[in-house]
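A short reminder: the numbers here are calculations on the coordinates, not readings from a lab. Since we're looking at a predicted model, the values are computed, not measured. Methodologically, a virtual Cβ is constructed for each residue, glycine included, from the backbone with ideal geometry; neighbour enumeration extends over all protein chains shown.
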Amino acid sequence: KAGVTQTPRYLIKTRGQQVTLSCSPISGHRSVSWYQQTPGQGLQFLFEYFSETQRNKGNFPGRFSGRQFSNSRSEMNVSTLELGDSALYLCASSLDGFRNEQFFGPGTRLTVL
Amino acid sequence: QQQVKQSPQSLIVQKGGISIINCAYENTAFDYFPWYQQFPGKGPALLIAIRPDVSEKKEGRFTISFNKSAKQFSLHIMDSQPGDSATYFCAAGSGNTPLVFGKGTRLSVIA
């Protein structure tokens, strides 16, 4: 079974730009979660999508948004990028939520200059 | 209330020694406590998890000890190997709410 894939793996943007990251979950998994990982703050939850609906949301500003498609693939978008948005963005999928094992992708490393 | 405090931040252990990482939580509603292992350039991977109805769970060289009254749980890695060098995250959750992660422990096992 293929694992969680994320594209692109690396991204460099400048302040004020916007970015879209993509995540393909493991086949059959309906829950997709997104996390921001930084050295200072660790893993912070952004949001979770299940059956194309946002089911849980973390404490991030509205510049961070996401969506999920009917095939469970998910995208997250960050608008008006700030220097502090530089981080590793991780996507995780599970069968139907946090009670099941979450499988993480390798992440997208975003650098904002 | 939602925090999970993890210590130490970094740990150096001799090959063959025991690595111990500790976590403490505040929310008594938490009922699921996983540990994740992350290698450089990779996403975290589930290592072992425990629920509060047991005080200890062992899988190979990895053991979780859980103390419900103290609201603490710990990961013990017996016979630590250089291949165990990675960052370890504890987490806690309940129901279908998002897991809360500790800030991670960078483990280095030296020969």
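Things worth noting here:
- Prolate/oblate/rounded call for the stretch A:12-107, Cα gyration tensor, a/c under 1.5 rounded: prolate
- Whether chain B is rounded, prolate or oblate, judged on the alpha carbon gyration tensor where a/c under 1.5 counts as rounded: prolate
- Relative contact order for the stretch A:1-47, counting Cα pairs under 8 Å that sit 6 or more residues apart, in percent: 31 percent
- Dividing the mean sequence gap of close Cα pairs (under 8 Å, 6+ apart) by how many residues chain A holds gives a relative contact order of 36 percent.
- Amide H to amide H, with H built 1.01 Å from N, B:Glu26 comes under 5 Å of B:Gln3, counting only residues 5 or more places away or on other chains.
- Spatially, the stretch A:25-51 and the stretch A:54-113 are offset by 5 Å when compared through their Cα centroids.
- Out-of-range pairs (alpha-carbon distance over 26 Å; input A:Lys57/B:Lys103; B:Lys42/B:Lys68; B:Lys42/B:Lys71; A:Lys57/B:Lys57; B:Lys15/B:Lys71): B:Lys42/B:Lys68; B:Lys42/B:Lys71; A:Lys57/B:Lys57; B:Lys15/B:Lys71
- From phi via Karplus (6.51, -1.76, 1.60), per-residue ³J(HN,Hα) for the stretch A:3-17 in Hz, x at Gly/Pro: x, 6, 10, 10, 9, x, 7, 9, 8, 10, 10, 10, 3, x, 6
- Positive minus negative residues near B:Gln72 (Lys, Arg vs Asp, Glu; Cβ under 12 Å): +2
- Note, ³J(HN,Hα) from phi for the stretch A:52-68, Karplus 6.51, -1.76, 1.60, rounded to Hz, x at Gly and Pro: 6, 10, 6, 9, 9, 9, x, 8, 10, x, x, 5, 9, 9, x, 7, 10
- Summing charges over all other residues whose Cβ lies under 13 Å from the Cβ of B:Thr87, with Lys and Arg as +1 and Asp and Glu as -1, gives +2.
- Electrostatic bookkeeping for A:Asn77 treats Lys and Arg as +1 and Asp and Glu as -1; over the other residues with beta carbon under 9 Å from its beta carbon, the sum is +1.
- Here is the tail figure for the protein assembly as shown: Cα pairs spaced more than 31 Å apart come to 21 percent of all pairs.
- Rel. contact order, % - alpha carbon contacts under 8 angstrom, at least six apart, chain B: 37 percent
- Computed from backbone phi with θ = phi - 60° and the Karplus coefficients 6.51, -1.76 and 1.60, the 3J(HN,Hα) list for the stretch B:34-48 is x, 10, 10, 10, 10, 9, x, x, 10, x, x, 10, 4, 9, 6 Hz; x is used for glycine and proline.
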